[in-house]
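FYI, it's all coordinate maths here, none of it is from the lab. These numbers were taken from a predicted model, which means no experiment stands behind them. Counting neighbours? That spans all protein chains shown, and the Cβs are built from the backbone with ideal geometry, glycine included.
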Amino acid sequence: MKQLFITLLCLLAGILPAFTQENPEYKVRLSHITVDPVQLKEYNAFLKEEIEASMQLEPDVLILYAVSEKEHPHKITILEIYANEAAYQNHIQTPHFLKYKQGTLHMVQELELIDTYPLIPELKIKEAAKHEYPYK
């Protein structure tokens, strides 16, 4: 799990080359979510709908990238990057986010929100959409 955090932080560092602790304009967060395993399929459907709507409809939502642990697929981490705090505040008031939040409230067993800074700002990220993704 620790390696996952380091990898995600390195990835976000490449996307935000101008971001530094002295210039914290972007809001960068890791959300750790533990979902009731019995309701995981339904939760994932809500999550997919919310992320797709956010990325399509909100230009200041820069990244929402969700992963689950191989050994514990009900443990999910989301890398969230917003243009600024106002973009985040706007995001959590949108109809698609509120639908996700209300629809999954009874499914979430644990939620931890961790605000972060990129550690290696000179790293770049490859655009994953250009590559064939092996897990569908």
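Couple of notes before you dig in:
- Taken together, the residues in the range 32-67 that are touching a strand residue (DSSP E or B) at 6+ places or on another chain (Cβ under 7 Å) and either of a type in the set (Phe, Trp, Tyr) or touching a residue at least 12 places away in the same chain (Cβ under 8 Å) (or both) amount to 17.
- In the range 93-113, the residues that are in a helix (DSSP H, G or I) and either of a type outside the set (S, T, N, Q) or surrounded by 11 or more Cβ atoms within 10 Å (Cβ to Cβ) (or both): Pro95, His96, Phe97, Leu98, Lys99, Tyr100, Lys101, Gly103, Thr104
- Scanning the range 87-105 for residues that are free of Cβ contacts under 8 Å to residues at least 24 places away in the same chain and not polar (S, T, N, Q) turns up Ile92, Pro95, Leu98, Lys101, Leu105.
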